[in-house]
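A short worksheet on the structure shown next.
The values are calculated or read from the model by the stated rules, or taken from the named source; none is laboratory data. It should be emphasised that the depicted structure is a prediction, and the values quoted were computed from it without experimental measurement. Here the Cβ positions follow ideal geometry from the backbone for every residue, glycine too, while neighbour counts run over all protein chains shown.
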């Protein structure tokens, strides 16, 4: 068998499987690799929200206590002898590394880094990443943080002030964007959008802006900036409406903002939406006003793949994701006035043509679809095994 078609056993390690973006990406990657002929197995908790989906593969349950996880994983490695051990959460990096050192033959150890942050531990910064065989960064910005760090001392968000670099060889870092299901997220007809808006009680003539994402304290995805911008926008655009989709610990704070800003008839929280495709098509424009750290936002890819414009903060890995679809505008992070002006400018622009929407979908599909992600990861696995 040629190296370009070489496959092997891969064990994906995920001790959470709670349903976040990293967890869904882990399962999507596993499915993509399995469809390409790789033998994919998963190790994780038996009782987490995504455990049933993970158990569609050969599944190895892990205990919850971290030291026991190392020993349990080492036993799994001895029995199954995978060529690749791929860890997806920061909590799992040391577990994978230590377990791999307890067995022979030792599997190749890969970390996926989904965060644009530095580890808190000095030991991890100095030894952890350089001890792996490869690091997959989900964006070039994540790779930059690991290699050179990043400083933003003027930011109102403490975690952005200083992100120190880690000790590792640049040759070990490989940028592979996370992927989305571009068969699922795609442009739809006017009737689909009309039905999606009706389900959210939106009038056909309303201009709808929306933020999609969790809003846990302290700053969520910048939803409070969005509401401040909405107050400015509504003075010029009476038909504008503002939706916040998601859940989090800022719920009561955002409801207070809506009252204090006089947005009761214009803005509302709509909770977690079961159909993200329908939600994107109910919006005229997605707003992603992030002010905290951001590695590579999948929601921006989803909106662009649906042919929807995006107004997004120009920070961290957001421009990298936005540039794939390139519909809408990047704005200065944390500036409600600049965001409001971008929203008003969007209202004055011509609607996107079906051809423009399809072109954006094609750009995202060619660079960040699930098959593309799986193929690039498989190519990395093969290069590592060839060494």
Filtering segment 27-40 down to residues that are in contact with a strand residue (DSSP E or B) (Cβ under 6 Å, 6 or more places away or on another chain), under 17 Å from residue 372 (Cβ atoms) and crowded, with 22+ Cβ neighbours inside 10 Å yields 30, 33
Yes or no: segment 191-208 includes at least one residue that is crowded, with 20+ Cβ neighbours inside 10 Å and within 23 Å of the chain's Cα centre (by Cα). no
What residue, among those in segment 312-337 that are in contact with a strand residue (DSSP E or B) (Cβ under 6 Å, 6 or more places away or on another chain) and either touching a residue at least 60 places away in the same chain (Cβ under 8 Å) or in a loop (DSSP other than H, G, I, E, B) (or both), is surrounded by the fewest Cβ atoms within 10 Å (Cβ to Cβ)? 314
By residue number, the members of segment 338-361 that are surrounded by fewer than 24 Cβ atoms within 10 Å (Cβ to Cβ) and either within 18 Å of the chain's Cα centre (by Cα) or under 13 Å from residue 187 (Cα atoms) (or both) are 352, 353, 354, 355, 356, 357, 358, 359, 361
If only one of 284, 256, 275, 265 is buried (at least 17 other Cβ atoms within 10 Å of the Cβ) and not assigned by TED's automatic domain parsing to the domain that holds residue 151, which one is it? 284
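When only residues in segment 362-372 that are surrounded by fewer than 20 Cβ atoms within 10 Å (Cβ to Cβ) and in contact with a helix residue (DSSP H, G or I) (Cβ under 8 Å, 6 or more places away or on another chain) count, which is nearest to residue 157 (Cα to Cα)?
367
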Could you check how many residues of segment 84-103 are outside any helix (DSSP H, G or I) and under 27 Å from the mean Cα position of the chain (by Cα)? 6
What is the one condition in (1) surrounded by 19 or more Cβ atoms within 10 Å (Cβ to Cβ); (2) touching a helix residue (DSSP H, G or I) at 6+ places or on another chain (Cβ under 9 Å); (3) in the same structural domain as residue 309 (by TED's automatic domain parsing); (4) part of a helix (DSSP H, G or I) that residue 234 does not satisfy? (2)
So how many residues does segment 157-183 have that are surrounded by fewer than 19 Cβ atoms within 10 Å (Cβ to Cβ), out of contact with any helix residue (DSSP H, G or I) (no Cβ under 6 Å at 6 or more places or on another chain) and farther than 16 Å from residue 112 by Cα? 7
Among the numbered conditions (1) part of a strand (DSSP E or B); (2) within 16 Å of residue 21 (Cα to Cα), tell me where residue 241 comes up short. (2)
Condition first: surrounded by fewer than 19 Cβ atoms within 10 Å (Cβ to Cβ), part of a loop (DSSP other than H, G, I, E, B) and in contact with a helix residue (DSSP H, G or I) (Cβ under 8 Å, 6 or more places away or on another chain). Now tell me which residues in segment 14-26 satisfy that. 16
